[in-house]
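Below is one structure; the comments refer to it alone.
The values are calculated or read from the model by the stated rules, or taken from the named source; none is laboratory data. Keep in mind it's a predicted model, so treat the numbers as computed, not measured. Every residue, glycine as well, gets a Cβ built from its backbone with ideal geometry; the counts of neighbours run over all protein chains shown.
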Amino acid sequence: MIEISGHNIIIALTIHYVDEPMLLKVRFHGRGGHGVKTASRILGEAAFNEGLYAQDSPIYGAERRGAPVAAFTRISDEEILERGFIFDPDIVVVMDETLLNDWSAKPLDGLKPGGIAFVNTTANSQLYDYGETIRENLVIYDLTGLALKIIGKPIISTPSAAAASKITGIISESSLIDAVTSELSEIGVGDDVIENNIILAREVFRSIPETPPSTKLSDSKRELIPLEVVISYPGYEDIVSVGNSPLRKTGNWRVFKPIVDFSRCTACGVCFVYCPDAAITLRSDGKPEIDYDNCKGCLICYRECPPRAISIEREVRVW
Ligand code: SF4
Ligand code: SF4
C-alpha cells in the first residue's frame, strides 16, 4: 500500500484462470470487534483442511471498535494467483444488518449475478427489499442471537465462518471444526470458550442450507490483467478530509442499546464522564440524555452507573 496525499492507493495484480478451475471469492463485512478477520481465517483454513488452496486477508480503515471492516477469502482447487481486494464476490457475508444501509460499507456491491448474500439479522426475509436478484439469493440467520445464547457474547467470527462454509457446499463439518479449534487456539482463546464456539459452529452449519453460488466456475481465463490502481475501497472507513467526524453517525453500530431508568438515576453524572463518544449530555436536573444517533453501544455507561440505573436491550431493526 502506498500513501499519496492522504489517500491510500492500492495497487493490485489480478490474474484470471483458464480450464474452468474453481475460484470462489467470499467477502465478509462486519464491524471492529465482531471478529471479521478471524471469520475469514477460519473459512480459509477450513477450505485448506479440505485439500484446497486458500487465501485470506482483512482491510481496516480507521481502526475503531464498531467501525466497518471487511475481509476476503479466496478458495480454489489450483494455486491462487489473484491478490488484493475482492470486488466481485460469489458470496458476501454481512455480519451486521445495519451495514446494508451504510454508505461506507456497501456490502452488496459487485456481488455476481447468481451469487449469495448471507445476512446476520433478526428480520424476516420478506422485510428485505434489496432488489429481486438479491432476495432470490438471500440467506438469513440470527447469528448474534445464537452467539448470545451459547457463548454469552455477540462475537460472531465462528458462526459467520460456519455459515459461509456451509453455503459454499465444498467444506465439511469436520474441516470447519478443526479450523475453529486451531484458529481460536492460535489467538489464545481458552479451551472452554473454544468448546462453546464448536457448539455454535455445529449449530449454524447444520441449520443453514447448502447454497453454492452458481458463479464459482465462471471467470475462467488465464490472462494477466495490468496493474490496477484502486483509490479507496468500500467496506471500511476511509478518512478523506479533516474535521468531518461529527458528520458520521455511529448510532447504527449498536448491538445493545443503553436505557436510563430515571426513577433510579441519582444524577451523579458518572455516565456523562465515562462515555467515550460524548453521546451523553446532562439535562438541567443533572440526569443524562443519550444521543442515540451517536451512541455506539459500548455499554461503558451501563457498567459504570453506580446505582445500576441503566439497563440494556438488544437492538432489533425492521427494514
Ligand atoms: S453505550 Fe453509553 S458510554 Fe457507550 S457510547 Fe453509548 S451512551 Fe456512551
Ligand atoms: S451514572 Fe447512572 S445514576 Fe449516574 S447520572 Fe448516569 S444514569 Fe444517573
Note to self: Being farther than 22 Å from Leu24 by Cα and modelled with pLDDT of 85 or more is true for just one of Gly169, Gly131, Gly145. Which residue is that?
What the structure shows: Gly145
Check: Looking only at residues in region 279-299 that are within 24 Å of Glu97 (Cβ to Cβ) and out of contact with any Asp or Glu (no Cβ under 9 Å at 6 or more places or on another chain), which one is surrounded by the most Cβ atoms within 10 Å (Cβ to Cβ)?
Finding: Ile290
Item checked: Those residues of region 288-298 which are more than 9 Å from ligand 1 (Cβ to nearest atom) and in a loop (DSSP other than H, G, I, E, B), in sequence order -> Asp293
Margin query: Suppose we filter Asp261, Asp285, Asp219, Asp238 for residues that are more than 16 Å from ligand 1 (Cβ to nearest atom) and modelled with pLDDT of 75 or more; which single one remains?
Written below: Asp285
Notebook entry, point to check: Which of the residues belonging to region 266-278 are without any contact (Cβ under 8 Å) to a residue 24 or more places away in the chain and either near ligand 1 (Cβ under 6 Å from one of its atoms) or buried (at least 16 other Cβ atoms within 10 Å of the Cβ) (or both)?
Noted result: Phe272
Notebook entry, point to check: Mind checking whether some residue in region 299-314 is assigned to a loop (DSSP other than H, G, I, E, B), of a type in the set (A, V, I, L, M), more than 12 Å from ligand 2 (Cβ to nearest atom) and not assigned by TED's automatic domain parsing to the domain that holds His29?
Noted result: yes
